[in-house]
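The structure appears below as structure tokens.
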Amino acid sequence: MHKELWICFRCGKRYQWRASLKNHIRVECGKEPTFKCPICGRKFKHKHRWQSHAKSMHRIKL
């Protein structure tokens with residue numbers, strides 16, 4: 001079975017779903033991270049990634 005892949009025209013990342021590609025273009029591709037950890041300064045493009053980092057690395061309850 002051959003699955004159609006949606007490919008980002010900017011960076012070449014491939015996605016199985018068109019919605020995932022659209023989200024990638026809207027949030028990630030070519031953009032600076034917008035969420036910054038107040039403890040260590042690490043930056044994240046997605047809020048849930050920052051929250052997971054804060055909980056596991058700094059034991060912060062959000």
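Using θ = phi - 60° and the Karplus form 6.51 cos²θ - 1.76 cosθ + 1.60, what ³J(HN,Hα) does each residue of the stretch 50-61 get, whole Hz, x for Gly and Pro?
Each residue's phi maps through the Karplus curve to give 5, 4, 5, 4, 4, 5, 7, 8, 10, 6, 8, 8 Hz.
Using amide H atoms built 1.01 Å from N in the peptide plane, name the residues 5+ places from R42, or on other chains, whose amide H lies under 5 Å from its own.
C37
Output wanted: per-residue J couplings in Hz (rounded whole) for the stretch 23-28, from phi through Karplus 6.51 cos²θ - 1.76 cosθ + 1.60, θ = phi - 60°, x for Gly and Pro.
5, 4, 5, 6, 9, 9
Let me check I've understood the local charge: for L5, count other residues with C-beta under 12 angstrom from its C-beta, Lys and Arg +1, Asp and Glu -1. What total comes out? Write down the numbers at each step before the final one.
On the way: positive: K3, K13, R14, R18; negative: E4.
With Lys, Arg at +1 and Asp, Glu at -1, the neighbours total +3.
Quote the charge dipole size of the chain about the Cα centre in Debye, to the nearest 20; the model charges only the Cβ of Lys and Arg (+1) and of Asp and Glu (-1). It would help to have the intermediate numbers written out before the result.
Working: 17 positive and 3 negative charges, 38 e Å.
That gives a dipole near 180 debye.
So if we plug the beta-carbon distance of K47 and W17 into 1/(1 + (r/R0)^6) with R0 = 22 Å, what FRET efficiency do we get, rounded to 0.05? Mind showing how you got there, number by number?
Values: r = 21 Å, r/R0 = 0.94.
After rounding to 0.05, the efficiency reads 0.60.
Using the Kirkwood radius over Cα pairs, work out the Stokes-Einstein diffusion coefficient for the chain at 25 °C and 0.890 mPa s, in µm²/s as a whole number. Could you put the intermediate results ahead of the total?
On the way: Rh = 13.4 Å.
It comes out at roughly 183 µm²/s.
Taking the Cα centre of the chain as the origin and placing charges on Cβ (Lys, Arg +1; Asp, Glu -1), which of I7, A19, T34 is farthest toward the positive end of the dipole?
Comparing the listed Cα positions along the dipole, T34 ranks first.
Too long at a 29 Å Cα-Cα cut-off: which of K3/K61; K13/K36; K22/K61; K31/K55; K13/K47?
Numbers: K3/K61 41 Å; K13/K36 24 Å; K22/K61 31 Å; K31/K55 25 Å; K13/K47 21 Å.
Distance filter (> 29 Å) returns K3/K61; K22/K61.
Readers should treat all values here as calculations from the given coordinates under stated rules, not as data from a laboratory. As the structure is a prediction and not an experimental result, all values here were calculated from the model. Backbone-built Cβ (ideal geometry, glycine too); neighbour counts: all protein chains shown.
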